[in-house]
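First comes the structure, then the notes that go with it.
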Amino acid sequence: MIEHTVQVRVRYAETDQMGYVYYGNYATYFEVARVETFRHLGCSYKSMEAQGILMPVLDFKTKFIKPARYDDVLSIKVIIKEKPGVRITFNYEVYNEHNVLLNLAETTLVFINDQFKPTLPPDSVLTIFTPYFQS
């Protein structure tokens, strides 16, 4: 299993009239957390794209528990519970700076090649992930 935490500060433009983070912005926060988790592991979306591999979102689920507000520092914990195959699932837990759980979410992405067909991740990615998922 892999766990990595990324912090994001809520900007004014990301809030609604009530001062809460607009719900659509969570998808962007999760993208930032995914990209930074990959970077932390030693691979990048950019290098995969250079190899002709893309990762579109297949599924997105979220549960809002409490609102995030302007200027909150959010800690987004990314959890990858299973070694990726053609698909990779990311789970997220979002906390504010008081360690209050605000949101739970999950996204599933698919690795596709330059012909837009599902494919396994590049060997370089599998090599990075393998040590985290050995019994």
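The values are calculated or read from the model by the stated rules, or taken from the named source; none is laboratory data. All values derive from a computational prediction rather than experimental measurement. Please note: Cβ atoms are built from the backbone with ideal geometry, for glycine as well, and neighbour counts cover all protein chains shown.
So that you can scan it fast, the table gives a plain yes or no per residue for (1) more than 13 Å from N103 (Cα to Cα); (2) touching a strand residue (DSSP E or B) at 6+ places or on another chain (Cβ under 8 Å); (3) among the polar types (S, T, N, Q); (4) at pLDDT below 95:
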position: A13; (1), (2), (3), (4): yes, no, no, no
position: G19; (1), (2), (3), (4): yes, yes, no, yes
position: D59; (1), (2), (3), (4): yes, yes, no, no
position: I65; (1), (2), (3), (4): no, yes, no, no
position: V78; (1), (2), (3), (4): no, yes, no, no
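Checking the condition of a type in the set (V, I, T), surrounded by 13 or more Cβ atoms within 10 Å (Cβ to Cβ) and touching a His at 6+ places or on another chain (Cβ under 9 Å), which residue from T15, T5, T62, T37 passes?
On the way: T15 fails: touching a His at 6+ places or on another chain (Cβ under 9 Å); T5 fails: touching a His at 6+ places or on another chain (Cβ under 9 Å); T62 fails: touching a His at 6+ places or on another chain (Cβ under 9 Å).
Step by step, each of T15, T5, T62, T37 is checked, and only T37 is of a type in the set (V, I, T), surrounded by 13 or more Cβ atoms within 10 Å (Cβ to Cβ) and touching a His at 6+ places or on another chain (Cβ under 9 Å).
May I ask you to verify whether T119 is touching a Phe, Trp or Tyr at 6+ places or on another chain (Cβ under 8 Å), over 24 Å from V8 (Cα atoms) and touching a residue at least 60 places away in the same chain (Cβ under 8 Å)?
Numbers: touching a Phe, Trp or Tyr at 6+ places or on another chain (Cβ under 8 Å): yes; over 24 Å from V8 (Cα atoms): yes; touching a residue at least 60 places away in the same chain (Cβ under 8 Å): yes.
In short, yes.
Touching a helix residue (DSSP H, G or I) at 6+ places or on another chain (Cβ under 9 Å) and farther than 30 Å from M18 by Cα - does that describe any residue in the stretch 56-76? Let's see the steps before the verdict.
Taking the stretch 56-76 first, the residues touching a helix residue (DSSP H, G or I) at 6+ places or on another chain (Cβ under 9 Å) are 57, 60, 62, 64, 68, 70-71, 74, 76.
In the following step, the residues that additionally are farther than 30 Å from M18 by Cα were identified as none.
Within the stretch 56-76, not a single residue is touching a helix residue (DSSP H, G or I) at 6+ places or on another chain (Cβ under 9 Å) and farther than 30 Å from M18 by Cα.
Can we say T130 is touching a Lys or Arg at 6+ places or on another chain (Cβ under 9 Å) and either assigned to a strand (DSSP E or B) or at pLDDT 95 or above (or both)? Let's see the steps before the verdict.
On the way: touching a Lys or Arg at 6+ places or on another chain (Cβ under 9 Å): yes; either assigned to a strand (DSSP E or B) or at pLDDT 95 or above (or both): no.
In short, no.
Could you please give the count of residues in the stretch 86-115 that are part of a loop (DSSP other than H, G, I, E, B), at pLDDT 95 or above and either in contact with a Cys (Cβ under 8 Å, 6 or more places away or on another chain) or not polar (S, T, N, Q) (or both)?
Adding up the residues that qualify gives 5.
I'm checking my understanding of the structure. Among residues of the stretch 63-85 that are part of a loop (DSSP other than H, G, I, E, B) and within 18 Å of M1 (Cα to Cα), which one is farthest from the chain's Cα centre (by Cα)? Quick ask: steps written out before the conclusion?
Going residue by residue through the stretch 63-85, those that are part of a loop (DSSP other than H, G, I, E, B) are 65-68, 70-72, 81-85.
The next check asks that each one be within 18 Å of M1 (Cα to Cα); those that pass are 81-85.
On the way: K81: 13, E82: 14, K83: 15, P84: 14, G85: 17 Å.
The selected residue is G85.
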